[in-house]
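Q: Please find one structure pasted underneath; my questions will follow.
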Amino acid sequence: MADDDLVFTYKVKDKEIKKTLKASERKSSREAIGIWKVDSKAWKVYGTTNKYQALSDDYRRAAVAAGLPMGDPSFQQGKVKDGKKAETQGFVLITQWMEGTNFQKTSSSFKAALTKEKLSKDKTTNDYKRTKSGCDAANTVGLKDCQGFIKPGINEPLRFIDIHTSWNPQTSKFGHIHDYAMADDDLVFTYKVNDKEVKKTLKASERKSSREAIGIWKVDSKAWKVYGTTNKYEALSDDYRRADVVAGLPMGHHEFKQGKVKDGQKTQTEGFVLITDWMEGTNFQKTSSSFKAALTKEKLSKDKTTDDYKRCAGFLHLISSHLIICPPYLNLSYVDAFYHRTGSGCDAANTVGLKDCQGFIKPGINEPLRFIDIHTSWNSQTKKFGHSGLAAELVEVITAW
């Protein structure tokens, strides 16, 4: 359970040490189980050893080949016991705890961090020299998805996180990244409406970073998530369709558009855009504790005893299965309607075995719970959805709420 503490067991000079990491102090991570602050260190805990070799090799190469500033990283292998889950072999990436202003995968974000932290423009200062040296090091190792922190006045005023270099084992060299993440140029998406060609220019300054796509833009009241190839088009559109048809998963009104992508000076490619309603409210990220925190922040009602609630209780199973829609004559109160729509959204996520559950909570709209980055557990061999432990945990949270 993501609401339970995690215990990491490791050895130092043959002495076994158990470290308990509190669920309440867990910070979400896309790559790992979570991140904890332990004294002045960041502990990023992985529940398997699948990424250990590649990740430790990348950190080692980045340090040895270029002296990339990363906050004194070290790796510790051990056993991971995450709540009631089975114990596994995993590892921890330990670095200095990062402070200052975070930047995320675009040069405009990096520039904004430099500005906010008021990095000296005097090129003779230590802060400037060390920051420039860090940038040169990132370029040397072809650092992918450049992200990290700016904080003047410390030994490493620029520190990078989530290190993935462009090392090529065939050539035994680092590649060079001409990455969209570093682009300051606008993107043009060209598509057709009733055989008429439409060109949409998306400003580099308005680009929000994405791990899956080139970027995300707000276009009127919509979110445009732009992909530079069609590699994921069929799988992603199928997942959204199944989640909608089978369970009515709340995702905002969504559609896919295929077209041509011209990202700055790069060669034009065939790609697509996923368009959804722009998400607002409180974001939650891939843990039931984060989901619970979002419910708390948005003040979801805990009152399940009202007449309006009781009138709908008999239909709860059908609502959660999305076989019917609760009729208007039940006259649900606003708060209880919100509770039920949120509960049914959790049931829908459980139905389709939603992976990496993440999204937004916002009362007062048609979908007070909305999921993003939809990946179901559909099995093409069995023609069934698999189980998602996290989706089941969300159901437990909303049921106990």
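Q: Need the failing condition index for SER290 against (1) open to solvent by 70 Å² or more (accessible area, probe 1.4 Å); (2) farther than 30 Å from ALA204 by Cα; (3) among the polar types (S, T, N, Q), just the number.
A: Every condition holds for SER290 apart from (1).
Q: Could you run through the range 54-70 and say how many residues are buried (at least 16 other Cβ atoms within 10 Å of the Cβ) and within 18 Å of GLU156 (Cα to Cα)?
A: Going through the range 54-70 one residue at a time, the tally reaches 7.
Q: Out of curiosity, is ILE35 closer than 30 Å to LYS132 by Cβ, at pLDDT 90 or above and not aromatic (Phe, Trp, Tyr)?
A: So ILE35 fits the description; yes.
Q: Report, by residue number, each residue of the range 268-292 that is assigned to a helix (DSSP H, G or I) and either more than 16 Å from the chain's Cα centre (by Cα) or without any contact (Cβ under 8 Å) to a residue 40 or more places away in the chain (or both).
A: Answer for the range 268-292, where residues must be assigned to a helix (DSSP H, G or I) and either more than 16 Å from the chain's Cα centre (by Cα) or without any contact (Cβ under 8 Å) to a residue 40 or more places away in the chain (or both): just LYS292.
Q: Out of the range 1-28, which residues are touching a residue at least 40 places away in the same chain (Cβ under 8 Å) and of a type outside the set (Asp, Glu)?
A: Selection gives MET1, ALA2, LEU6, VAL7, PHE8, THR9, TYR10, LYS11, ALA23, SER24, ARG26, SER28.
Q: Could you list all residues from the range 268-284 that are within 17 Å of LYS192 (Cβ to Cβ), surrounded by fewer than 19 Cβ atoms within 10 Å (Cβ to Cβ) and in contact with a helix residue (DSSP H, G or I) (Cβ under 9 Å, 6 or more places away or on another chain)?
A: none
Q: Here's another thing I want to ask about it. Going through the range 219-237 one residue at a time, which ones are closer than 11 Å to GLY271 by Cα and among the aliphatic types (A, V, I, L, M)?
A: Matches in the range 219-237: VAL226 only.
Q: Follow-up question, since we're still on this one. Being touching a residue at least 40 places away in the same chain (Cβ under 8 Å), more than 13 Å from ILE161 (Cα to Cα) and part of a strand (DSSP E or B) is the requirement here; does LYS84 meet it?
A: no
Q: Given (1) touching a strand residue (DSSP E or B) at 6+ places or on another chain (Cβ under 9 Å); (2) open to solvent by 20 Å² or more (accessible area, probe 1.4 Å); (3) assigned to a loop (DSSP other than H, G, I, E, B), identify the lone condition not met by THR376.
A: It fails just one condition, (2).
Q: A further question follows. Need pairs with beta-carbon distance below 7 Å; first residue touching a residue at least 24 places away in the same chain (Cβ under 8 Å) and open to solvent by less than 40 Å² (accessible area, probe 1.4 Å) and within the range 361-372, second assigned to a loop (DSSP other than H, G, I, E, B) and of a type in the set (Lys, Arg); sequence gap 6+ or separate chains.
A: PRO368/LYS362
Q: Give the range 126-148 a look and list any residue that's open to solvent by 40 Å² or more (accessible area, probe 1.4 Å) and either assigned to a loop (DSSP other than H, G, I, E, B) or closer than 20 Å to SER210 by Cα (or both), or say none.
A: Correct list: LYS144, ASP145.
Q: Please specify each residue of the range 11-34 satisfying the condition of being among the aliphatic types (A, V, I, L, M) and open to solvent by 40 Å² or more (accessible area, probe 1.4 Å).
A: Listed by number, the residues that qualify are VAL12, ILE17, ILE33.
Q: If I ask for residues that are modelled with pLDDT of 80 or more and on the phi > 0 side of the Ramachandran plot, which ones from the range 360-401 would you list?
A: If the condition is that a residue be modelled with pLDDT of 80 or more and on the phi > 0 side of the Ramachandran plot, then ASP373, LYS383 are the ones that fit.
Q: Next question, about the same structure. Taking into account only those residues within the range 95-108 that are under 18 Å from LYS132 (Cβ atoms) and touching a strand residue (DSSP E or B) at 6+ places or on another chain (Cβ under 8 Å), which is surrounded by the most Cβ atoms within 10 Å (Cβ to Cβ)?
A: The extreme case among them is PHE103.
Q: Would you pick out the residues in the range 94-125 that are of a type in the set (Ser, Thr, Tyr), at pLDDT 90 or above and either assigned to a helix (DSSP H, G or I) or farther than 28 Å from GLY264 by Cα (or both)?
A: Result: THR95, THR115, SER120, THR124, THR125.
Q: Which condition number in (1) free of Cβ contacts under 8 Å to residues at least 60 places away in the same chain; (2) over 27 Å from VAL92 (Cβ atoms) is the one that LYS144 fails?
A: Looking at each condition in turn, LYS144 falls short on (2).
Q: Follow-up. Taking LYS123, is it within 21 Å of the chain's Cα centre (by Cα) and free of Cβ contacts under 8 Å to residues at least 40 places away in the same chain?
A: It is false that LYS123 is within 21 Å of the chain's Cα centre (by Cα) and free of Cβ contacts under 8 Å to residues at least 40 places away in the same chain.
Q: Quick check: anything in the range 204-211 over 18 Å from the mean Cα position of the chain (by Cα) and among the hydrophobic types (A, V, I, L, M, F, W, C)?
A: yes
The values are calculated or read from the model by the stated rules, or taken from the named source; none is laboratory data. Fair warning: this is a prediction, and the values are worked out from it, not measured in the lab. Ideal geometry is used to build each Cβ from the backbone, glycine not excepted, and the neighbour counts take in all protein chains shown. Quick note on the areas: whole protein, heavy atoms, side chains included, nothing else; ligands and nucleic acids left out. Shrake-Rupley method; radii C 1.70, N 1.55, O 1.52, S 1.80 Å.
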